[in-house]
Amino acid sequence: MTATTPALEFSTTYSSTPVPAQRRAQILADPGFGSTFTDHMITATWTPEGWHDAGLRPYAPLSLDPATAVLHYAQSVFEGLKAYRHDDGSVWAFRPEANGSRMLKSTARMALPSLPAESFVEAVDLLVRTDAEWVPSGGEASLYVRPFMFASEVFLGVRPAQHVTFCVVASPAGPYFSSGVKPVDIWLSSEYTRAAPGGTGAAKCAGNYAASLVAQQEAIEHGCGQVCFLDAVEGRWVEELGGMNLYFVRADGSIVTPELTGTILEGVTRDSIITLAGDRGYKVEERRISIDEWRDGVESGDITEVFACGTAAVVTPLGRLVWDGGEVSTGDEPGPVTQEIRQALLDVQYGRAADAHGWMHRVV
Ligand SMILES: *Cc1c(COP(=O)(O)O)cnc(C)c1O
């Protein structure tokens with residue numbers, strides 16, 4: 001359970017009934033997001049003796065006892081990363097070790113066992129390599145990889161589970177927002193918060209998402225696609241969306257993103273953009289930004305673009321910021337800096353630009 005935990009060994013059992021190539025081709029032509037899965041999955045089990053029974057096996061439903069702890073107490077974390085097919089047919093994952101080390105932070109917060117980051121990367125590699133034919137090519141398509149870990153002990157007592165399952169599944173993905181790169185309107189939640197100091201905001205845990213859904217519903221009711229949360233203490237500082245980090249582009253050419261305070265999820269995309277924007281000569285500031293600075297800045301023209309970022313949706317321009325009683329808008333077309341950053345990131349991921357920071361991890 002410590003950093004000295006030995007790496008796992010994975011067995012392999014291949015599916016005897018893989019999806020026929022023709023059906024797979026149909027799925028890959030229009031994969032949508034998160035609804036179809038590849039032929040295999042990874043599973044591993046943890047008990048107090050350590051990790052064991054790690055292996056690749058045919059994708060199949062899990063059978064869970066109704067008293068399985070995660071169904072009651074949500075002791076569960078997840079990750080999300082993508083594998084991309086380059087023009088020469090090779091397949092690459094983007095910064096998988098960053099996801100592996102983030103999962104270690106999430107599991108520590110949720111009292112789940114540590115999975116060595118190298119085993120995390122090996123599990124992702126093994127699944128993507130085995131199901132490489134499921135990695136779409138062209139456009140902005142990719143294979144979305146979803147590692148997760150949950151309390152699989154059959155026990156209703158409240159304590160950290162003594163039986164835990166790690167699992168990785170993969171799903172071919174088209175663009176996350178089916179409407180294309182159009183600015184998304186944002187509802188400012190004044191009733192709900194996402195994370196409080198000392199809470200789980202910096203952990204990628206299932207419960208954070210469950211708690212954000214009612215606010216997301218409110219956003220939809222107000223004609224918005226996503227919800228923005230403010231800090232829980234003062235209700236004043238901009239934190240992030242339900243599942244994406246935020247960036248502000250200022251008229252003086254600088255770029256601002258809310259600093260990590262312990263209540264904001266440390267996005268791999270957020271981190272990559274700090275570096276990429278810096279490479280391109282932008283001054284990038286990580287600092288607190290208040291909701292008044294956002295509102296007034298858009299109104300005065302000091303803030304010219306706002307965008308959100310995350311693995312699933314890459315870089316998404318924001319349009320209107322809507323709250324109870326008003327709204328401001330940065331326009332209904334993606335701004336030039338948003339587009340430049342988005343393109344720069346995609347170019348690295350799809351192998352069209354030099355990988356100056358060693359982010360791409362070759363799988364096949
Ligand atoms: C996963 C996630 C993000 C984005 O993280 P990436 O590593 O860039 O995908 C942002 N906010 C929340 C709450 C998240 O769960």
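Per-structure values
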item	result
Length added when fully stretched, Arg352-Thr12, from 0.36 nm per residue minus Cα-Cα	119.1 nm
Folded to 0 to 90 degrees: helix 117-130 orientation relative to the chain principal axis, Cα	80 degrees
Computed E for Glu299/Ala196 - FRET, C-beta separation, R0 22 angstrom, nearest 0.05	0.15
Per-selection Rg to Rh, segment 245-313 - Cα, Kirkwood hydrodynamic radius	0.95
Percent RCO, i.e. relative contact order, over the chain, from Cα pairs under 8 Å lying at least 6 residues apart	18 percent
13 Å tail of the calculated P(r), segment 301-364, as % of Cα pairs	69 percent
Dipole of the chain, positive direction: furthest Cα of Thr43, Gly253, Ile220, with charges on the beta-carbon	Thr43
Rounded Å value of the spacing that divides the Cα centres of segment 332-347 and segment 134-177	28 Å
Nearest-0.05 FRET efficiency for Lys182 and Trp323, computed from C-beta distance (R0 22 Å)	0.55
Scattering curve values for segment 184-349, log₁₀ I(q)/I(0), Debye with Cα scatterers, q = 0.11 Å⁻¹	-0.40
Estimated [θ] at 222 nm from DSSP helical runs (n ≥ 4, -39500 (n - 2.57)) normalised by residues in the chain, nearest 500	-8000 deg cm²/dmol
Inter-centroid distance (Cα atoms) of segment 75-93 relative to segment 9-38, Å	15 Å
Rounded tilt (10° steps) of 206-221 against the dominant C-alpha axis of the chain	40 degrees
Summed residue charge, Cβ within 14 Å of Thr261's Cβ, Lys/Arg positive, Asp/Glu negative	-2
In order through segment 327-335: 3J(HN,Hα) via Karplus (6.51 cos²θ - 1.76 cosθ + 1.60), integer Hz, x for Gly, Pro	7, 10, 9, 9, x, 10, 10, x, x
Neighbour net charge for Tyr176 - beta-carbon separation under 13 angstrom, K R +1, D E -1	+2
Computed FRET value (nearest 0.05) for His86 with His52, which takes r as the C-beta separation and R₀ as 30 Å	0.25
Sequence of Thr13, Thr193, Thr38 once ranked by neighbouring C-beta atoms within 10 Å, starting from the fewest	Thr13, Thr193, Thr38
C-alpha long axis of helix 96-109 to longest principal axis of the chain, angle in °	90 degrees
Bins of 20 Å, starting at 0 and running to the largest distance - Cα pair percent for the chain	28, 58, 14, 0
Angstrom value of the Kirkwood radius, inverse mean 1/r, which spans all Cα pairs in segment 11-173	16.5 Å
Net charge, Val77 excluded, C-beta distance under 11 Å - Lys, Arg +1, Asp, Glu -1	+3
Virtual spin-label span in nm between Thr45 and Ile220, 7 Å along Cα→Cβ	3.8 nm
Computed magnitude of the charge dipole of the chain (debye, nearest 20; Cβ of K, R +1, Cβ of D, E -1)	760 debye
Cross-link partners of Lys82 among lysines (Cα-Cα below 24 Å; sequence separation of 8 or more within a chain)	Lys105, Lys182, Lys204
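Where a number appears in this text, it was derived from the coordinates with a stated rule and is not lab data. Note that the structure is predicted; figures quoted are calculated from it, not measured. For neighbour counting, all protein chains shown are included, and Cβ atoms are generated from backbone atoms with ideal geometry for every residue, glycine included.
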